Amino acid sequence: MTQRAMDIRLMERHYKVNCPAGQEVALQHAADRLNAKLETIRNNTKLSNPEQIAVMAGLNLCHEFAQHEQRLQQRIADLEEKLKILQETLEQVMAEQRPRR
């Protein structure tokens with residue numbers, strides 16, 4: 001797969017990173033989201049060390065991801081339960097519609 005070097009900006013620093021061809025927009029979106037999180041942490045805490053800010057941003061993003069994943073798993077479980085009920089209902093209706101001998 002072809003790689004392309006891209007420049008991204010995080011906390012007023014520029015970084016050159018490799019990106020698979022066709023994924024430039026996704027990488028820029030991820031960099032923008034990370035930069036927003038870094039800036040929020042820097043502005044809302046007493047942290048000034050870029051490494052500490054980066055660690056806090058990483059922890060916050062991982063926590064947000066875990067919460068999202070948990071909500072998604074719950075939605076999947078809810079949908080599976082609804083499908084089970086629907087299948088049972090359909091089977092019951094079909095059984096009632098079968099001609100009796």
Practice problem: Would you point out which residue out of Ala5, Ala95 is part of a strand (DSSP E or B) and either surrounded by fewer than 10 Cβ atoms within 10 Å (Cβ to Cβ) or among the hydroxyl-bearing types (Ser, Thr, Tyr) (or both)? | Solution: Ala5
Quiz item: What are the residues in the range 44-92 that are small (Gly, Ala, Ser) and assigned to a helix (DSSP H, G or I), if any?
Solution: Ala54, Ala57, Gly58, Ala66, Ala77
Practice problem: Search the range 8-22 for residues being out of contact with any Leu (no Cβ under 8 Å at 6 or more places or on another chain) and within 27 Å of Glu51 (Cβ to Cβ), and hand back the single one that is surrounded by the most Cβ atoms within 10 Å (Cβ to Cβ). | Solution: Arg9
Quiz item: Does the range 68-87 contain at least one residue that is farther than 30 Å from Ala5 by Cβ, over 14 Å from the mean Cα position of the chain (by Cα), loosely packed, with under 14 Cβ neighbours inside 10 Å and among the small types (Gly, Ala, Ser)?
Solution: yes
Quiz item: Considering Leu61, Leu79, which residue is over 30 Å from Met11 (Cβ atoms) and not polar (S, T, N, Q)?
Solution: Leu79
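Any read-out appearing in this document is the output of simple, stated calculations on the displayed coordinates, not a laboratory observation. Computed from a predicted structure; not experimentally measured. Neighbour counts run over all protein chains shown; Cβ positions are idealised from the backbone, glycine included.
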